[in-house]
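In what follows, a single structure is set out as structure tokens and then discussed.
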Amino acid sequence: MKRLIILPLLLILSSGCLGFGEGYVDKAQEYTSADYTIGTYKEFIGMYNAICNVGSSIDQYDGDINRFMDMKGDPKYWTYSENTQYESLAKTKSGYVAQYNRFSAKYNTATMDKTKDWLMIASLPEHVNSYSDSEHLTNSDWIDDEILNSELLGR
């Protein structure tokens, strides 16, 4: 009785009827294709540029908060409406800081993936620090497709 169960099970597993072993060749070809390489380059640039965009948004809200405080004076004398406006600006900035830190963590995780070491672009940093008021990325650090094209094509 055991042979009747084991024998068909072995035949099914060895024949690939359940899909075991399928797709490995396709995946290997996909990961070594030029499209995959270019797509990964663009993914890294996209993540990096997203961090730069969020850093610029933080700077914008810093400026808005500073202008608001200059215009309204001492917070002790603010009205309820002015307090609410200030809190709205501060919370929005805080949300952008959290987003900056999430994006930088995602970028850092992707760059630590040793299977993609050979794909890293020389112009991109290997690590992006979490947000700090004194040092963070902004749109002035933006990387465009011209850098990608020159590094890929050796121009």
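Results, tabulated for the structure shown:
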| item | result |
| --- | --- |
| Segment 64-78 - residue that is farther than 24 Å from Thr138 by Cα and surrounded by 15 or more Cβ atoms within 10 Å (Cβ to Cβ) and, of those, nearest to the chain's Cα centre (by Cα) | Lys72 |
| Residues that are within 22 Å of Ser132 (Cβ to Cβ) and surrounded by fewer than 15 Cβ atoms within 10 Å (Cβ to Cβ), drawn from segment 38-63 | Gln60, Asp62, Gly63 |
| Selected residue [outside any helix (DSSP H, G or I), at pLDDT below 90 and surrounded by 12 or more Cβ atoms within 10 Å (Cβ to Cβ)] from His136, His127 | His136 |
| Whichever residue in segment 79-124 is surrounded by 12 or more Cβ atoms within 10 Å (Cβ to Cβ) and at pLDDT below 80 and, among such residues, is nearest to Cys52 (Cα to Cα) | Leu124 |
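The values are calculated or read from the model by the stated rules, or taken from the named source; none is laboratory data. All values reported here derive from a predicted model rather than from experimental measurement. Note that we place each Cβ from the backbone using ideal geometry, even for glycine, and neighbour counts take in every protein chain shown.
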